[in-house]
Amino acid sequence: LKFPEGSTMSPIDIQKVMQRDLNNFFTSYIGLSGSIQKRNLKCLVLKNLNPAAYKASEDESMGSNKSIQSFIRQVAYQNKDLGMPIIDATDYSGNINLNIKDGLDDLEKVNEKLENYGLQFVEKDMELEVVVISEVKDNSL
């Protein structure tokens, strides 16, 4: 969406306009509507057990000096059929040093390796915002 320069609309208001426009279009043409709702979902959560164990230092090679999000993306890619979101609950925003290059598709083995770094994946129910697509009964709006 493009708004005039100097627009006073907040990002939340812009999202609402975009959602309304998308719903108007899809309701009219294919009878579907979308909304953002909070749902309780089973998640795989990366927990921080010892923050000092994995922080990156200046002299680390580029291969291991990466963000936690980068590591989580690699794990998610290797576990596409997991059926649950992977959440970072470490509260750490810097880079990390993890020497875990293979076997990311075996979460039990990943957790064994993560113990050395003070990290652990655990399953946990969490309330997350998700996009819900539903059929509109009367699309003559």
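The values are calculated or read from the model by the stated rules, or taken from the named source; none is laboratory data. Being a predicted model, the structure only gives us computed values, none of them experimental. Backbone-built Cβ (ideal geometry, glycine too); neighbour counts: all protein chains shown. All accessible areas refer to the heavy atoms of the entire protein, side chains included, with ligands and DNA or RNA removed. Shrake-Rupley method; radii C 1.70, N 1.55, O 1.52, S 1.80 Å.
Annotations for the structure displayed:
- Dividing the alpha-carbon radius of gyration of the range 1-43 by the rule-of-thumb value 2.2 N^0.38 Å gives 1.52.
- Cα-based reach from K42 at 24 Å (exclusive), listing lysines while leaving out same-chain residues under 8 positions away: K80, K109, K113, K124
- For V45, the residues 5 or more places off, or on other chains, whose built amide H falls under 5 Å of its own are I87, V122, E123, K124.
- Using bins of 10 Å that start at zero, the share of Cα-Cα pairs per bin across the chain amounts to 10, 28, 22, 21, 15, 3, 0, in whole %.
- Carbon and sulfur %, accessible surface of the chain computed with the full protein complex present, 1.4 Å: 49
- Under the span-like rule (Cα at least 20 Å along the axis, Kyte-Doolittle mean at least -0.5), DSSP H helices of the chain: 11-30
- Rounded to the nearest 20, the size of the Cβ-charge dipole of the chain about its Cα centre is 300 debye, with Lys and Arg at +1 and Asp and Glu at -1.
- Cα centroid separation - the range 1-45 against the range 101-140, whole Å: 23
- Working ranking of peptides 44-50, 72-78 by packing, defined as the average number of other Cβ atoms within 10 Å per residue, highest first, is 44-50, 72-78.
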